[in-house]
Amino acid sequence: MKIIVDANIIFSALIKGNPVYINVDAYAPDFTFIELEKYEKRILKKTSNRQRIKEIIL
């Protein structure tokens with residue numbers, strides 16, 4: 001399955017702790033990854049699963 005995702009959808013899933021499926025073809029604009037790095041501290045502050053988030057962002 002191919003999915004196009006928006007940065008806000010990714011942020012929401014990470015903060016809420018919703019499952020992040022790695023086995024799908026997900027496409028996002030390049031700036032999404034810049035935004036993830038930019039707001040990494042804020043995302044980590046709001047989530048309970050910090051280790052998993054660090055693995056995803058890296």
Q: With a 1.4 Å probe and every protein chain left in place, tell me how much accessible area residue 4 has, in Å² to the nearest 10.
A: 140
Q: Note down the nm distance, to one decimal, between modelled labels 7 Å out along Cα→Cβ at residue 24 and at residue 41.
A: 3.2
Q: Please list, in chain and number order, the residues 5+ apart from residue 26 or on another chain whose amide H is under 5 Å from its amide H, with Hs placed from the backbone.
A: 3
**Q.** With DNA, RNA and ligands ignored, accessible area of residue 46 (1.4 Å probe; Å², nearest 10)
**A.** 130
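The values are calculated or read from the model by the stated rules, or taken from the named source; none is laboratory data. Since we're looking at a predicted model, the values are computed, not measured. Positions of Cβ are backbone-derived with ideal geometry, glycine not excepted, and every protein chain shown enters the neighbour counts. Side chains are part of the model used for accessible areas, which takes the heavy atoms of the whole protein and leaves out ligands, DNA and RNA. Shrake-Rupley method; radii C 1.70, N 1.55, O 1.52, S 1.80 Å.
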